[in-house]
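The block underneath contains the structure these notes are about, expressed in structure tokens.
Just so it is clear, none of the values below were taken in a lab; they were calculated from the coordinates. In this text the structure is predicted, and so the values were computed from the model without any measurement.
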Amino acid sequence: MAERKAYPLRISAPVLDAMQRWSEDELRSLNAQIEYVLREALRERGRLREDAAQAPADPP
């Protein structure tokens, strides 16, 4: 599994609220949802290796 790193994120309140609602709909933590959305966007644009795209958002 890839090393996990902490990163402080500044985000607008409306975007954060929308991500929180989406994460609740998907039964994910907010952090896991943000990572999932970023990973999918990177994968779709060919910016992330396929093996990295399959890594789980949260460790078991």
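Extension gain, residue 28-residue 12: 0.36 nm per intervening residue step, less the Cα-Cα distance, totals 3.7 nm. Derived scalar couplings between HN and Hα for segment 25-35 equal 4, 8, 6, 10, 5, 4, 4, 5, 5, 4, 5 Hz in order, rounded to whole Hz, by the Karplus curve 6.51 cos²θ - 1.76 cosθ + 1.60 (θ = phi - 60°), x for Gly and Pro.
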